[in-house]
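Working notes, structure below.
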Amino acid sequence: LLLLCYTEEAAVIVSGLKNTDVFVGESATFTCELSHPGVKNVQWWLDGSPLHNNFVTEISEQDGMIHTLTLNDVACHDSGTVTFRAGSLISSAKLLVKGISSLER
């Protein structure tokens, strides 16, 4: 008999954050999928600073399992490490914002 107990400890990261390269002024999206909903204390960070939902930073979740962070209109100083934390689970990825001066004619 297999008994599945959906406790916070049993949650795992199904799909973690991926390194993302974007140009200045573009949007960068990071997604982390958990094995099941109900994990408490979900928080996004950029280089150690907590992120909050606003017009530049869009934080959403779907079905309590798919957590998405979108950073809009990024600038060079936004480059750094994006971290998703849900309870004791952590996933991180690098954000590289590239300048567009080399593309100007």
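The values are calculated or read from the model by the stated rules, or taken from the named source; none is laboratory data. Note that this is a predicted model, so its numbers are computed, not measured. Positions of Cβ are backbone-derived with ideal geometry, glycine not excepted, and every protein chain shown enters the neighbour counts. Just the protein is used for accessible areas: all its heavy atoms, side chains included, with ligands, DNA and RNA removed. Shrake-Rupley method; radii C 1.70, N 1.55, O 1.52, S 1.80 Å.
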Condition (residue is touching an Asp or Glu at 6+ places or on another chain (Cβ under 6 Å) and open to solvent by 30 Å² or more (accessible area, probe 1.4 Å)) applied to segment 66-73: is it met by at least one residue? yes
Residue, farthest from Phe30 (Cα to Cα), within segment 74-105, restricted to residues that are exposed (fewer than 15 other Cβ atoms within 10 Å of the Cβ) and of a type in the set (Lys, Arg): Arg105
Residue ID - nearest to Asn72 (Cα to Cα), chosen from residues in segment 1-34 that are assigned to a loop (DSSP other than H, G, I, E, B) and at pLDDT 95 or above: Ser27
Would you check which residues across segment 35-65 are over 30 Å from Ile100 (Cβ atoms), open to solvent by 60 Å² or more (accessible area, probe 1.4 Å) and in a loop (DSSP other than H, G, I, E, B) and list them? Pro37, Lys40, Asn41, Asp63
